[in-house]
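Trainee: Below you'll find the structure I mean.
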Amino acid sequence: MKAVIISKVGGPEVLELKNIKLEEPKSNEVLIKNKAIGLNYIDTYHRSGLYPVDLPSNIGIEGAGVIEKIGPDVKSFNVGDKVAYASMPIGSYSTHRIFPTKKLVKVPEGIALENVVTLMTKGITTFYLLHKTYPVKSGETILFHAAAGGVGQILCQWAKSLGCIVIGTVGSDEKIKIAKSNGCNHVINYSKENFSEKVKEITNGDGVPVVYDGVGKKTFDGSIECLKVRGTLVSFGNASGPLDPCNVTKSLAPKGLYLTRPSIAHYTTTREELDEAANKVFEMFKTKKFNLKIFKKYSLSEVIKAHQDLETRKITGPAVIIP
């Protein structure tokens, strides 16, 4: 059994692949042999110390595999079940792991486990953003940053299927075609154009009711400018760096704006919420409401390279780690 461990925070070089020995699963736990592992931006936050963890620590929040052992009191899962997860406790960067059943979902037939780990974090994120945090309506124009990225690949198509007009931003001309193929009606290269001015132009000066912003530091002020009166800024990531403190009087008060900072944990607090989200994601995928293409596969031994590619924006779609 092997796992990626961080003994100190820092750049990708702090990731170490080590041999591990696991204990038997305890009450309401199972031993999972991972078949595929999700590569997500939040993993870089744990590694860098932006989201502090106790060290030394495992890393990774998303995985899919097969149950090899069950602990006492486990009733809803059996040895041989295909399962997936996308939550704490971290530790998915491993060949095997112990995981609590309360945060585990069964994978339906017809979905490959390599696809599942591109669906769980990014798909459930899409679900809560579009249906819970700010429930979009057909005909609304919305703005989504990083439309060529992993979440963007799913969210823009999903939003389009709901009848939304989707404005997407990207960081380079090469990503414009990707964003359009993801369902965007309009694409703005924010490294060349003032995206807030372009949004106002597209919306005839009205602005948009919601901005979904996973970029963070570079886009915050412009996102505020894009919003109409009583609009909502959904800040759910820090791809360009952590946000500066928000001046409520300056940023929110002039238009009576709403600012929220959601995460998967806030929308999967119960078994019912987790099942609702996962089942909806699986349904949307199986009914082809969005297409999904794995951009790249890495081995566990290539985890440093995977994080380097992720942080330098070389990954333009979902990527997976195969243990």
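Trainee: Filter the stretch 218-274 down to the residues that are of a type in the set (Asp, Glu) and assigned by TED's automatic domain parsing to the domain that holds residue 46, then identify the one that is farthest from residue 142 (Cα to Cα).
Mentor: Restricting attention to the stretch 218-274, the residues satisfying the condition of being of a type in the set (Asp, Glu) are 221, 225, 244, 272-273.
The next check asks that each one be assigned by TED's automatic domain parsing to the domain that holds residue 46; those that pass are 272-273.
Numbers: 272: 28, 273: 25 Å.
Out of the qualifying residues, it is 272.
Trainee: Here's something else I'd like to know. Going residue by residue through the stretch 219-236, is there one that turns out to be crowded, with 19+ Cβ neighbours inside 10 Å and touching a His at 6+ places or on another chain (Cβ under 7 Å)?
Mentor: yes
Trainee: Inspect all residues belonging to the stretch 199-217 and state whether any of them is at pLDDT below 95, in contact with a Lys or Arg (Cβ under 8 Å, 6 or more places away or on another chain), within 25 Å of residue 289 (Cα to Cα) and crowded, with 23+ Cβ neighbours inside 10 Å.
Mentor: no
Trainee: Let me ask you something else. Select from the stretch 119-152 the residues that are of a type in the set (S, T, N, Q) and modelled with pLDDT of 90 or more and list them in ascending order.
Mentor: Listed by number, the residues that qualify are 125, 126, 133, 138, 141.
Trainee: Report, by residue number, each residue of the stretch 135-156 that is aliphatic (A, V, I, L, M) and either outside any loop (DSSP other than H, G, I, E, B) or farther than 16 Å from residue 233 by Cβ (or both).
Mentor: Narrowing the stretch 135-156 to residues aliphatic (A, V, I, L, M): 136, 142-143, 146-148, 151, 154-155.
Correct list: 142, 143, 147, 148, 151, 154, 155.
Trainee: In the list 319, 306, which residue meets the criterion of being in contact with a Lys or Arg (Cβ under 7 Å, 6 or more places away or on another chain), buried (at least 20 other Cβ atoms within 10 Å of the Cβ) and of a type in the set (A, V, I, L, M, F, W, C)?
Mentor: On the way: 306 fails: in contact with a Lys or Arg (Cβ under 7 Å, 6 or more places away or on another chain).
When all the criteria are applied, what remains is 319.
Trainee: So, of the residues in the stretch 260-303 that are hydrophobic (A, V, I, L, M, F, W, C) and in a loop (DSSP other than H, G, I, E, B), which turns out to be surrounded by the most Cβ atoms within 10 Å (Cβ to Cβ)? Walk me through how you get there before you give the answer.
Mentor: Of all residues in the stretch 260-303, those hydrophobic (A, V, I, L, M, F, W, C) come to 264-265, 274, 277-278, 281-282, 284-285, 290, 292, 294-295, 300, 303.
Then drop every residue that is not in a loop (DSSP other than H, G, I, E, B), which leaves 290, 292, 294-295.
Numbers: 290: 22, 292: 17, 294: 15, 295: 18.
Here the residue is 290.
Trainee: Right, something else. Give the stretch 157-177 a look and list any residue that's over 16 Å from residue 124 (Cβ atoms) and assigned to a helix (DSSP H, G or I), or say none. Spell out the reasoning first.
Mentor: Let us first name the residues in the stretch 157-177 that are over 16 Å from residue 124 (Cβ atoms), namely 160-177.
Selection gives 160, 161, 173, 174, 175, 176, 177.
The values are calculated or read from the model by the stated rules, or taken from the named source; none is laboratory data. Model, not experiment: these values are computed from the prediction. Please note: Cβ atoms are built from the backbone with ideal geometry, for glycine as well, and neighbour counts cover all protein chains shown.
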